[in-house]
Amino acid sequence: MKLYRYEAHRYSVCLDPERELYGSSDAKLECRSYPVSHVTKKGYWTGYNGGKDRWVSATARKRFAHPTKEEALEGYRQRKKSFVRHASATLRRAEEDLALVSPTTPTNTFKRIHK
């Protein structure tokens with residue numbers, strides 16, 4: 001039995017070796033498979049990249065890996081949606097904090113509590 005996990009990967013690309021200029025490739029979606037070493041009532045033990053075994057819940061909403069590729073793709077989609085929500089909130093807070101020191105910037109779209 002195997003468990004599956006999708007991840008997006010980008011790789012370093014040398015653009016100009018004379019100037020030591022590097023960039024990154026476009027993102028590529030990759031599906032990794034992890035062999036299951038033991039099955040328990042509540043989950044699976046899987047070999048994690050040849051290192052220490054990792055336990056994966058069979059019933060949890062958030063899992064490291066999934067029993068089917070379809071579930072793994074949906075898990076990837078949900079992880080990235082969550083990441084975008086958190087990153088957007090962090091960006092919004094940073095823009096609000098920046099507006100405290102430069103109140104004339106166009107990012108000042110929040111309501112001021114103190115005058």
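General observations
- Taken together, the residues in the range 26-79 that are under 30 Å from C14 (Cα atoms), in a strand (DSSP E or B) and hydrophobic (A, V, I, L, M, F, W, C) amount to 2.
- Residue list for the range 58-77, filter: polar (S, T, N, Q) and either more than 17 Å from Y6 (Cα to Cα) or without any contact (Cβ under 8 Å) to a residue 12 or more places away in the chain (or both): T59
- Reported count of residues in the range 57-100, each being hydroxyl-bearing (S, T, Y) and either under 19 Å from C31 (Cβ atoms) or in contact with a Ser or Thr (Cβ under 6 Å, 6 or more places away or on another chain) (or both), is 2.
- Sub-7 Å Cβ pairs linking a first residue in the range 10-34 that is within 30 Å of E74 (Cα to Cα) and free of Cβ contacts under 8 Å to residues at least 40 places away in the same chain to a second residue that is outside any strand (DSSP E or B) and of a type in the set (K, R), at least 6 apart or interchain, are S24/R10; S25/R10; A27/R10, ordered by first then second residue.
The numbers here are math on the coordinates, done by the rules we state, and not lab data. As the structure is a prediction and not an experimental result, all values here were calculated from the model. Methodologically, a virtual Cβ is constructed for each residue, glycine included, from the backbone with ideal geometry; neighbour enumeration extends over all protein chains shown.
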